[in-house]
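Chemist: Here it is: the structure, laid out below.
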Amino acid sequence: MFAVDLGKTIFFNVGIDLFSICIISIVYGSLRSEFTDTQDVRLLCSTALFVMLTLLSDIATWLINGRPGQTMRFLGYTVNIIYLMMQLIVIFKWLHYAYYRIYKTNMPHRREVLVNRFPFLLMSVIILTCPLNGWCFYYDKNNFYHRGVLSFPFSAVLIVYLIVSSAMALKQSRKEVLNDRRKELRLISLFTLYPLAGGAAQTLLYGCSLLWPCVTAAILQIYVNIENQAVSQDPLTRMNNRGNLDRFLHILEDSQAEQQVSFIMADIDSFKKINDVYGHAEGDNALIQTADILRRTFSGTSAFLARYGGDEFVIVVPGCSRDETEKSISEIQKRFEEFNCQKLSPYKLSMSIGYAWSDGKDRICSLDLLKEADENMYHEKTRRRSGEHALLA
């Protein structure tokens with residue numbers, strides 16, 4: 001470890017933290033203004049916000065360190081407790097975000113309690129009691145900060161959480177077909193390298209603040225990738241757009257893998273009536289709600305979901321049997337019924353759904369399968385309309 005003169009580095013530390021705050025503020029503002037308020041965006045915004053608060057508290061620790069007087073001593077303990085708590089929150093927020101992006105669903109409640117809430121509570125107690133026991137940090141008689149006996153174990157636990165999230169992302173990336181999806185998961189897996197590098201440098205050059213500027217760089221990289229992916233997404237529903245669907249189907253055809261695959265085509269019933277009666281804003285809301293229902297239905301699967309155009313959606317599910325496809329369609333209809341029971345909108349939402357299935361014995365022709373699914377969807381729509389007319393008669 002190399003000791004650095006704190007008096008000579010304080011301007012560097014404060015300066016690099018302020019620069020990092022500017023960067024993370026831009027990222028946070030852009031996420032809030034440019035993207036739809038979805039679960040993953042909220043989680044990343046929350047992570048960025050707490051990184052910003054961590055940087056601010058880091059600046060405060062440098063400005064207070066070594067200042068004489070009981071007031072400064074009290075402030076020193078206070079800002080360092082805040083600093084450590086912010087670190088803890090950032091790690092757990094990142095874990096939530098990474099899990100959601102990896103598996104496209106929230107962490108199950110029981111796992112969250114065991115993996116997140118209980119460890120968070122335990123570590124919070126250790127941090128909050130530092131003024132009494134000095135486990136994580138303490139101040140000497142001259143009000144200079146020193147690491148406590150649990151400082152390194154505390155950091156090691158946080159690193160383990162980061163490594164686990166990286167391992168999950170790397171494992172899932174190997175199962176993905178689409179290049180954009182694989183790239184995103186690999187970036188999530190590489191996130192850990194930034195704080196590891198910053199933490200190692202900060203440990204060796206004791207007195208230099210490098211950890212959280214490196215975390216800021218990692219968040220920035222994730223944000224840049226989200227911006228790039230936005231080109232491939234429908235801005236309203238946050239589903240894949242038509243162009244990304246075409247790229248996915250091209251990859252699927254070129255893979256020549258002997259696997260079953262299902263093409264599901266669905267469109268919203270009476271969508272024009274929703275627009276005409278309730279207005280286009282409510283029509284947009286119907287599309288958003290529909291996309292959310294479809295996402296939740298296929299969460300945790302390898303399904304590729306896209307907005308095909310207007311009120312039409314396409315779901316491609318590699319490795320899916322015919323029975324599994326029909327069960328998925330039943331699940332979609334069930335979720336729409338549950339949505340309608342909640343009466344969250346002045347109209348009822350439903351979809352006409354058709355599908356085409358390939359047993360994998362022949363080369364996949366996506367155009368033929370899309371056409372067959374589309375025809376089956378319109379047969380279903382006609383059947384549903386005939387049933388409605390019969391009831392009215």
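The values are calculated or read from the model by the stated rules, or taken from the named source; none is laboratory data. As the structure is a computational prediction, the values presented were derived from the model and not from experiment. Virtual Cβ from ideal backbone geometry, glycine too; neighbours counted across all protein chains shown.
Chemist: Within the set of pairs 6+ apart or on separate chains, which have a first residue in the stretch 307-332 that is more than 16 Å from ASN241 (Cα to Cα), a second that is assigned to a strand (DSSP E or B) and among the polar types (S, T, N, Q), and C-beta atoms under 7 Å apart?
Modeler: VAL317/SER262; CYS320/SER262; THR325/SER262
Chemist: Related question: How do the helices (runs of 4 or more DSSP H) wholly within the stretch 35-114 filter down when requiring 2 or more residues that are closer than 20 Å to THR9 by Cβ and not polar (S, T, N, Q): which remain?
Modeler: Because the criterion is at least 2 residues that are closer than 20 Å to THR9 by Cβ and not polar (S, T, N, Q), the helices (runs of 4 or more DSSP H) in the stretch 35-114 that meet it are 39-64, 70-103.
Chemist: Give the residues of the stretch 63-78 that are among the aliphatic types (A, V, I, L, M) and within 14 Å of TYR138 (Cα to Cα), sorted by residue number.
Modeler: Matches in the stretch 63-78: ILE64, MET72, LEU75.
Chemist: Here is a further query. Among the residues that make up the stretch 324-345, is at least one of them basic (Lys, Arg) and at positive phi?
Modeler: Yes: the stretch 324-345 contains one or more residues that are basic (Lys, Arg) and at positive phi.
Chemist: Given the condition small (Gly, Ala, Ser), surrounded by 21 or more Cβ atoms within 10 Å (Cβ to Cβ), out of contact with any Pro (no Cβ under 8 Å at 6 or more places or on another chain) and under 21 Å from PHE248 (Cβ atoms), answer yes or no: does some residue in the stretch 308-326 qualify?
Modeler: Within the stretch 308-326, not a single residue is small (Gly, Ala, Ser), surrounded by 21 or more Cβ atoms within 10 Å (Cβ to Cβ), out of contact with any Pro (no Cβ under 8 Å at 6 or more places or on another chain) and under 21 Å from PHE248 (Cβ atoms).
To keep it simple, each residue is scored yes or no on (1) outside the structural domain of ARG147 (by TED's automatic domain parsing); (2) in contact with a Lys or Arg (Cβ under 9 Å, 6 or more places away or on another chain); (3) within 30 Å of ILE10 (Cα to Cα).
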site	(1), (2), (3)
TYR194	no, no, yes
TRP212	no, no, yes
TYR223	no, no, yes
ILE226	no, no, no
LEU252	yes, no, no
ASP269	yes, yes, no
LYS272	yes, no, no
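Chemist: Which of the residues that make up the stretch 322-344 are more than 27 Å from the chain's Cα centre (by Cα) and at pLDDT below 90?
Modeler: Scanning the stretch 322-344 gives a single hit, LYS343.
Chemist: Can you tell me how many residues within the stretch 57-74 are surrounded by fewer than 18 Cβ atoms within 10 Å (Cβ to Cβ) and among the hydrophobic types (A, V, I, L, M, F, W, C)?
Modeler: Total satisfying the criteria: 3.
Chemist: Here's another thing I want to ask about it. So, in the stretch 361-379, exactly how many residues are assigned to a helix (DSSP H, G or I) and either modelled with pLDDT of 90 or more or surrounded by fewer than 18 Cβ atoms within 10 Å (Cβ to Cβ) (or both)?
Modeler: 13
Condition check ((1) at pLDDT 95 or above; (2) not small (Gly, Ala, Ser)) across all residues:
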| site | (1), (2) |
| --- | --- |
| TRP94 | yes, yes |
| TYR100 | no, yes |
| ASN116 | no, yes |
| PRO119 | no, yes |
| TYR145 | no, yes |
| PHE152 | no, yes |
| ALA156 | no, no |
| ILE163 | yes, yes |
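Chemist: Something else now. With GLY279, GLY283, GLY300 as the choices, which residue is touching a helix residue (DSSP H, G or I) at 6+ places or on another chain (Cβ under 9 Å) and on the phi > 0 side of the Ramachandran plot?
Modeler: GLY300
Chemist: Another one. For residues that are among the aromatic types (Phe, Trp, Tyr) and within 17 Å of PHE154 (Cα to Cα), scanning just the stretch 95-129, find the one that is surrounded by the fewest Cβ atoms within 10 Å (Cβ to Cβ).
Modeler: By that ranking, first place goes to PHE118.
Chemist: Right, next: Please pick out the residue among GLY69, GLY29 that is assigned by TED's automatic domain parsing to the domain that holds GLY134, of a type outside the set (A, V, I, L, M, F, W, C) and without any contact (Cβ under 8 Å) to a residue 40 or more places away in the chain.
Modeler: The conditions single out GLY29.
Chemist: Still on this structure: Given the residues LEU55, LEU49, which is the only one that is at pLDDT 90 or above, in the same structural domain as PHE137 (by TED's automatic domain parsing) and over 23 Å from ARG238 (Cα atoms)?
Modeler: LEU55
To keep it simple, each residue is scored yes or no on (1) free of Cβ contacts under 8 Å to residues at least 12 places away in the same chain; (2) over 14 Å from LEU305 (Cβ atoms); (3) of a type in the set (Lys, Arg); (4) touching a Phe, Trp or Tyr at 6+ places or on another chain (Cβ under 9 Å).
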residue: ALA217; (1), (2), (3), (4): no, yes, no, yes
residue: ASN225; (1), (2), (3), (4): no, yes, no, no
residue: VAL231; (1), (2), (3), (4): yes, yes, no, no
residue: ASP234; (1), (2), (3), (4): no, no, no, no
residue: ARG238; (1), (2), (3), (4): no, no, yes, yes
residue: LEU245; (1), (2), (3), (4): no, no, no, yes
residue: PHE248; (1), (2), (3), (4): no, no, no, yes
residue: GLU253; (1), (2), (3), (4): no, yes, no, no
residue: VAL261; (1), (2), (3), (4): no, yes, no, yes
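Chemist: Restricting to the stretch 181-204, name every residue that is polar (S, T, N, Q) and either over 16 Å from ILE16 (Cβ atoms) or surrounded by 21 or more Cβ atoms within 10 Å (Cβ to Cβ) (or both).
Modeler: SER189, THR192, THR203
Chemist: Among the residues of the stretch 333-352, write down those that are touching a residue at least 60 places away in the same chain (Cβ under 8 Å) and within 17 Å of ALA291 (Cβ to Cβ).
Modeler: Across the stretch 333-352, the qualifying residues are SER345, TYR347, LEU349, SER350, MET351, SER352.
Chemist: Just to be sure, is LEU132 part of a helix (DSSP H, G or I), within 26 Å of the chain's Cα centre (by Cα) and of a type in the set (A, V, I, L, M, F, W, C)?
Modeler: Criteria not met by LEU132.
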